[in-house]
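So the structure is just underneath, and the comments pick up after that.
The values are calculated or read from the model by the stated rules, or taken from the named source; none is laboratory data. Fair warning: this is a prediction, and the values are worked out from it, not measured in the lab. Using ideal geometry, Cβ is built from the backbone for each residue, glycine included, and neighbour counts are taken over all protein chains shown.
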Amino acid sequence: MRILHLTTFLQGGAGLAIAELSVAQSRMGHDVVVITSQTGAPGYGNYPAHLDALAREGVPVLTVDSSFTRVLPQNLEVVRAVVELGGPEGFEFIHTHAAVPSLIALIAAGRLPRRVPVLQTMHGWGITKSAADERTDVAILNLVDRVVVPAESSAVLLRAHGVNGVPIHVVPYGIPDEPPGPACGSDDLLAELHRWRAEGGVVLCCVGTICARKNQQLVVDALQLIESGDRPLCVFVGDGDAESLRARAVAAGVEASIRIAGYRADARRFLGAADAFVLPSLSEGQPLSILEAWRDGVPVIVSDIPELAELVDDGVTGFRFNPHSPRALASAMQAAARMTPAARLRLDVRVRRRFATQFTVSQMVTRYMHEYAQAFTGAGCAPA
């Protein structure tokens, strides 16, 4: 089957899921192509590690502007690229990964030689859409053949916004269960984290693009509420607005308790060097960082938004807190730090079991291929 993955950017956890799915489909014998935007924007861009993973497996990636911007002339450039790349035979299936790519796919589908199902994965609704953008995205979602979300709470959100003309199904993300890769660059910061823990300190790791949606400023505000002698060291791994976060830490007087690593392809090593992972997001789909922490047996401290409450049972598979309360996060940090070795072991067993039974790549691929088959049936067509 000729499959096109059409996305805004190969970035973060969603980008990793797209890359893993594309590679797995290619290994199954499918002809897979990925199209993504070429030019980044503040807080957005293609991760080199995701592009490299596709290149290693021989999955073609075309970068063309733009499947990200809401500018019709640029969107039509991507439509032209889809039609040309498809050639005389066209694509048999288009899997999109945001509303703008879906709009492009729907336009391009009219130029392809056969009826092509379009399935969109809504990885996350976000918090910065205008009312007009929301109405547009809902209208686009109601035009595709099938919608997939990584969590049931995301399906509830879409239905509440008016996505009711198309089937919505849940396919959780999957990540590989494999040893960590080699370290990238200097290990000085990793060495510092190991020393901090060896001397009795607590290390927290926060992975993700530094931005308002991820809400990393709450971590800084929470650190300010913890006595300096008990204050953990928190390392932030990810690209984005690092300077604003650093300035907030300086203003709060906790700059000695934070480290900003920037984007690191070996983020897993920082996670493994931490006592716990903290995710204070205001909006999410299904963050792979939680699954990565579970895979490696690292306790998680997450905001109590619906998508994360669905994933993490408070006190059972992690700790939850109000994402608008620095004091609640400070309390959750201290609760995680006070865990006894026996309690950590019990949590470790629970989360590793949950990862293995629900969130592997093979499970994600199997579920997606079922969704593809259902999309063909719903569209009244079949693969050539």
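In the range 253-282, which residues are in a loop (DSSP other than H, G, I, E, B), in contact with a helix residue (DSSP H, G or I) (Cβ under 8 Å, 6 or more places away or on another chain) and on the phi < 0 side of the Ramachandran plot? Let's see the steps before the verdict.
Initially, the range 253-282 is screened for residues in a loop (DSSP other than H, G, I, E, B), giving 253-254, 263-266, 273-275, 280-282.
Subset that is in contact with a helix residue (DSSP H, G or I) (Cβ under 8 Å, 6 or more places away or on another chain): 253-254, 264-265, 273-275, 280-281.
Result: Val254, Arg264, Ala265, Ala273, Ala274, Asp275, Pro280, Ser281.
Give the residues of the range 300-327 that are surrounded by 20 or more Cβ atoms within 10 Å (Cβ to Cβ) and out of contact with any Leu (no Cβ under 8 Å at 6 or more places or on another chain), sorted by residue number.
Glu307, Leu311, Val312, Phe319 - these are the residues of the range 300-327 that are surrounded by 20 or more Cβ atoms within 10 Å (Cβ to Cβ) and out of contact with any Leu (no Cβ under 8 Å at 6 or more places or on another chain).
Can you find even one residue in the range 310-327 that is more than 29 Å from Asp230 (Cβ to Cβ), outside the structural domain of Phe91 (by TED's automatic domain parsing) and assigned to a helix (DSSP H, G or I)?
First, pick out the residues of the range 310-327 that are more than 29 Å from Asp230 (Cβ to Cβ): 310.
Narrowing further to those that are outside the structural domain of Phe91 (by TED's automatic domain parsing): 310.
If we keep only those that are assigned to a helix (DSSP H, G or I) too, we end up with 310.
Yes: one or more hits.
Of (1) small (Gly, Ala, Ser); (2) in contact with a helix residue (DSSP H, G or I) (Cβ under 9 Å, 6 or more places away or on another chain); (3) in a loop (DSSP other than H, G, I, E, B), Gly29 satisfies all except one. Which?
Every condition holds for Gly29 apart from (2).
If I ask for residues that are polar (S, T, N, Q) and either outside the structural domain of Leu204 (by TED's automatic domain parsing) or in a helix (DSSP H, G or I) (or both), which ones from the range 340-359 would you list? Give the steps one after another, and end with the answer.
Taking the range 340-359 first, the residues polar (S, T, N, Q) are 340, 357-358.
Thr357, Gln358 - these are the residues of the range 340-359 that are polar (S, T, N, Q) and either outside the structural domain of Leu204 (by TED's automatic domain parsing) or in a helix (DSSP H, G or I) (or both).
As an exercise: evaluate Glu84 against (1) of a type outside the set (Phe, Trp, Tyr); (2) surrounded by fewer than 21 Cβ atoms within 10 Å (Cβ to Cβ); (3) within 19 Å of Arg111 (Cβ to Cβ); (4) touching a helix residue (DSSP H, G or I) at 6+ places or on another chain (Cβ under 6 Å) and give the number of the one condition it does not meet.
(4)
What single numbered condition from (1) surrounded by fewer than 24 Cβ atoms within 10 Å (Cβ to Cβ); (2) not in a helix (DSSP H, G or I); (3) not small (Gly, Ala, Ser) fails to hold for Leu119?
Condition not satisfied by Leu119: (1).
Scan the range 259-278 and give yes if some residue there is without any contact (Cβ under 8 Å) to a residue 40 or more places away in the chain and within 27 Å of Ala151 (Cα to Cα), otherwise no.
The answer is no; no qualifying residue exists.
Determine, yes or no, whether Phe270 is crowded, with 22+ Cβ neighbours inside 10 Å and modelled with pLDDT under 95.
Numbers: crowded, with 22+ Cβ neighbours inside 10 Å: yes; modelled with pLDDT under 95: yes.
Yes: the conditions hold for Phe270.
Of everything in the range 283-310, what is more than 14 Å from the chain's Cα centre (by Cα) and aliphatic (A, V, I, L, M)? Give them in sequence order.
Within the range 283-310, the subset more than 14 Å from the chain's Cα centre (by Cα) is 294-306, 309-310.
Selection gives Val298, Val300, Ile301, Val302, Ile305, Ala309.
Kindly provide the set of residues from the range 39-54 that are among the small types (Gly, Ala, Ser) and touching a strand residue (DSSP E or B) at 6+ places or on another chain (Cβ under 7 Å), ordered by number. Before you say what the answer is, go through the steps one by one.
Step one: filter the range 39-54 for residues among the small types (Gly, Ala, Ser), giving 40-41, 43, 45, 49, 53.
Gly43 - this is the single residue of the range 39-54 that is among the small types (Gly, Ala, Ser) and touching a strand residue (DSSP E or B) at 6+ places or on another chain (Cβ under 7 Å).
Of the residues Ala337, Ala332, which is of a type outside the set (Val, Ile, Thr), assigned by TED's automatic domain parsing to the domain that holds Gly238, within 30 Å of His194 (Cβ to Cβ) and surrounded by fewer than 22 Cβ atoms within 10 Å (Cβ to Cβ)? Working first, answer last.
Values: Ala332 fails: surrounded by fewer than 22 Cβ atoms within 10 Å (Cβ to Cβ).
Answer to the selection: Ala337.
Could you check, for the range 11-29, whether at least one of its residues is of a type in the set (S, T, N, Q) and more than 20 Å from Ile175 (Cβ to Cβ)?
Just the residues of the range 11-29 that are of a type in the set (S, T, N, Q), to begin with: 11, 22, 25-26.
Subset that is more than 20 Å from Ile175 (Cβ to Cβ): none.
There is no residue in the range 11-29 that is of a type in the set (S, T, N, Q) and more than 20 Å from Ile175 (Cβ to Cβ).
Give the range 49-64 a look and list any residue that's over 25 Å from Thr360 (Cβ atoms) and touching a residue at least 40 places away in the same chain (Cβ under 8 Å), or say none.
Within the range 49-64, the first condition is being over 25 Å from Thr360 (Cβ atoms), and the residues that meet it are 60, 62-64.
Selection gives nothing.
Can you pull out every residue in the range 124-133 that is within 22 Å of Gln11 (Cα to Cα) and assigned to a helix (DSSP H, G or I)?
Result: Asp133, single match.
I'm trying to understand the selection: among the residues of the range 129-151, which are over 23 Å from Gly378 (Cβ atoms) and aliphatic (A, V, I, L, M)?
Ala131, Ala132, listed by residue number.
Restrict the check to the range 64-76 and report whether at least one residue is among the small types (Gly, Ala, Ser), assigned to a loop (DSSP other than H, G, I, E, B) and outside the structural domain of Gly285 (by TED's automatic domain parsing). Full working, then the answer.
Taking the range 64-76 and keeping what is among the small types (Gly, Ala, Ser), we get 66-67.
If we keep only those that are assigned to a loop (DSSP other than H, G, I, E, B) too, we end up with 66-67.
In the following step, the residues that additionally are outside the structural domain of Gly285 (by TED's automatic domain parsing) were identified as 66-67.
The answer is yes; a qualifying residue exists.
Find the residue count for the range 331-362, including only residues that are of a type outside the set (A, V, I, L, M, F, W, C) and under 18 Å from Ala293 (Cα atoms). Even if it seems obvious, please write down each step before you answer.
Here is the first cut: in the range 331-362, the residues of a type outside the set (A, V, I, L, M, F, W, C) are 331, 334, 338, 340-341, 344, 346, 348, 350, 352-354, 357-358, 360, 362.
Pick out the ones that are also under 18 Å from Ala293 (Cα atoms) and you get 341, 344, 346, 348, 350, 352-354, 357-358, 360.
Final tally of qualifying residues: 11.
With under 27 Å from Gln216 (Cα atoms) and either touching a residue at least 60 places away in the same chain (Cβ under 8 Å) or of a type in the set (A, V, I, L, M) (or both) as the only criterion, which of Ala24, Ala14, Ala105 stands out? I'd like the intermediate steps shown before the answer.
Details: Ala24 fails: under 27 Å from Gln216 (Cα atoms); Ala105 fails: under 27 Å from Gln216 (Cα atoms).
Step by step, each of Ala24, Ala14, Ala105 is checked, and only Ala14 is under 27 Å from Gln216 (Cα atoms) and either touching a residue at least 60 places away in the same chain (Cβ under 8 Å) or of a type in the set (A, V, I, L, M) (or both).
Can you find a residue in the range 353-371 that is touching a Lys or Arg at 6+ places or on another chain (Cβ under 7 Å) and of a type in the set (S, T, N, Q)? Quick ask: steps written out before the conclusion?
Step one: of the range 353-371, the residues touching a Lys or Arg at 6+ places or on another chain (Cβ under 7 Å) are 355, 371.
Retained after the next criterion (residues that are of a type in the set (S, T, N, Q)): none.
Within the range 353-371, none of the residues are touching a Lys or Arg at 6+ places or on another chain (Cβ under 7 Å) and of a type in the set (S, T, N, Q).
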